[in-house]
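All remarks here apply to the structure that follows.
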Amino acid sequence: MVIGLVATQFRLAELLAEAGLSQRELAARADVSPTTVNRMAANLTTRVDLATLDGLSAALTAAIGRPVQP
């Protein structure tokens, strides 16, 4: 059985610019590796753990001052 996959595009680079954060700063705040943030910002990631998305969302929400929208 083949399950259809959905292509995912991340808006991380845009959100980093809005938050005024570097990729390294976001990685540290979200407790994820800088490599993960870099790959997501460049849309090279094919899979992401929900815990990673939660951490990034919380860190970006705190930096931007509003909830991050998908």
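The values are calculated or read from the model by the stated rules, or taken from the named source; none is laboratory data. Not measured: the values here are computed from a predicted model. For neighbour counting, all protein chains shown are included, and Cβ atoms are generated from backbone atoms with ideal geometry for every residue, glycine included. SASA here: full protein model, heavy atoms, side chains in, ligands and nucleic acids out. Shrake-Rupley method; radii C 1.70, N 1.55, O 1.52, S 1.80 Å.
So how many residues does segment 9-34 have that are open to solvent by less than 80 Å² (accessible area, probe 1.4 Å) and either in contact (Cβ under 8 Å) with a residue 24 or more places away in the chain or not in a helix (DSSP H, G or I) (or both)?
Residues that pass the stated criteria total 13.
Which residue pairs have Cβ atoms under 7 Å apart, sit 6 or more places apart or on different chains, and have a first residue in segment 42-70 that is farther than 16 Å from ALA13 by Cβ and of a type in the set (Ser, Thr, Tyr) and a second that is in a loop (DSSP other than H, G, I, E, B) and open to solvent by less than 60 Å² (accessible area, probe 1.4 Å)?
Listed pairs, sorted by first residue: THR52/VAL32; THR61/VAL68.
Here are some conditions: (1) assigned to a helix (DSSP H, G or I); (2) modelled with pLDDT under 90; (3) open to solvent by 60 Å² or more (accessible area, probe 1.4 Å). ARG47 meets all but one. Which one does it not meet?
(1)
Any idea which of ARG29, ARG11 is basic (Lys, Arg) and at pLDDT below 90?
The conditions single out ARG11.
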